[in-house]
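Enquirer: A single structure is presented below for examination.
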């Protein structure tokens, strides 16, 4: 390999590393937004909720930057098949993170709508714990992607069942509250939609993990993703 070719390869590697660094930065912003939104709900901290809402613009801007840089990288470098898979995986992961940022913003918006009305007993704390687990799933899924760590990605994928089970428990409990007290219907509905947003955020973490598995092994997970959401069968 000539010095010129070596320089081109080194420059391309730096571009790939920068792209992945931007993804991890975006992931950190989204994880913080999700956790902050859930804590704001539990504490009824409206300024914190406002911070999440306004901060979503920065998440959207970074996602657009990553997509533009990735497209430019493909056009300028004509990457090999393996490198192309990495760039495409980063683009898809950035899109998933942008959606999670929207879910965090939705949680914050519903916190504002609920205002100072007392959340249904104990449920805000459960939502906070659920959001912390999803944030950790997101962090590990991104690390699995940039490290091409199939084992870590598979572990993230398996943890989605726990999130679904937590959502099921919240749904049934909130449903019971609504049946027993008409006055709890409003806040219970808001909490249900908040929990659903966080459950969907967990799905996006799992999607990133599945991309990491494909990147590391060259094949999709052979078994179907186990889903623990049974609310569609709840009467």
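Enquirer: Restricting attention to region 50-96, which residues are more than 28 Å from residue 220 (Cβ to Cβ) and touching a residue at least 60 places away in the same chain (Cβ under 8 Å)?
Expert: Once the filter is applied, which keeps residues that are more than 28 Å from residue 220 (Cβ to Cβ) and touching a residue at least 60 places away in the same chain (Cβ under 8 Å), region 50-96 yields only 50.
Enquirer: Among the numbered conditions (1) more than 24 Å from residue 211 (Cα to Cα); (2) assigned to a helix (DSSP H, G or I); (3) at pLDDT below 95, tell me where residue 1 comes up short.
Expert: Answer for residue 1: the failing condition is (2).
Enquirer: Shifting gears a bit: Given the criteria at pLDDT below 95, surrounded by fewer than 22 Cβ atoms within 10 Å (Cβ to Cβ) and over 21 Å from the mean Cα position of the chain (by Cα), does residue 126 qualify? Talk me through it step by step, then tell me what you get.
Expert: Details: at pLDDT below 95: yes; surrounded by fewer than 22 Cβ atoms within 10 Å (Cβ to Cβ): yes; over 21 Å from the mean Cα position of the chain (by Cα): no.
Judged against the criteria, residue 126 is not a match.
Enquirer: Can you tell me which condition residue 165 does not meet? The list is (1) touching a helix residue (DSSP H, G or I) at 6+ places or on another chain (Cβ under 9 Å); (2) at pLDDT 95 or above; (3) within 23 Å of residue 39 (Cβ to Cβ), and all the others hold.
Expert: Looking at each condition in turn, residue 165 falls short on (1).
Residue-wise test of (1) outside any helix (DSSP H, G or I); (2) within 30 Å of residue 218 (Cβ to Cβ); (3) under 16 Å from the mean Cα position of the chain (by Cα); (4) in contact (Cβ under 8 Å) with a residue 12 or more places away in the chain.
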{"residue": "103", "(1), (2), (3), (4)": "no, no, yes, yes"}
{"residue": "111", "(1), (2), (3), (4)": "no, no, no, yes"}
{"residue": "131", "(1), (2), (3), (4)": "no, no, yes, yes"}
{"residue": "139", "(1), (2), (3), (4)": "no, yes, yes, yes"}
{"residue": "159", "(1), (2), (3), (4)": "no, yes, yes, yes"}
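Enquirer: Scan 61, 40 and give me the residue that is surrounded by 18 or more Cβ atoms within 10 Å (Cβ to Cβ) and more than 19 Å from residue 139 (Cβ to Cβ).
Expert: Of the residues listed, the single one that is surrounded by 18 or more Cβ atoms within 10 Å (Cβ to Cβ) and more than 19 Å from residue 139 (Cβ to Cβ) is 40.
Enquirer: Taking the conditions exactly as written (modelled with pLDDT of 95 or more and within 18 Å of residue 23 (Cα to Cα)), does residue 215 satisfy them or not?
Expert: So residue 215 does not fit the description; no.
Enquirer: Here's a follow-up. Answer yes or no as to whether residue 52 is in a helix (DSSP H, G or I) and either at pLDDT below 95 or within 20 Å of residue 198 (Cα to Cα) (or both).
Expert: Yes.
Enquirer: Here is a list of conditions, (1) within 12 Å of residue 126 (Cα to Cα); (2) touching a residue at least 60 places away in the same chain (Cβ under 8 Å); (3) out of contact with any helix residue (DSSP H, G or I) (no Cβ under 6 Å at 6 or more places or on another chain), and residue 173 meets all of them except one; can you say which number that is?
Expert: Unmet condition: (2).
The values are calculated or read from the model by the stated rules, or taken from the named source; none is laboratory data. Everything quoted here is computed from the prediction, not taken from an experiment. Here Cβ is always computed from backbone atoms with ideal geometry, including for glycine, and neighbour counts include all displayed protein chains.
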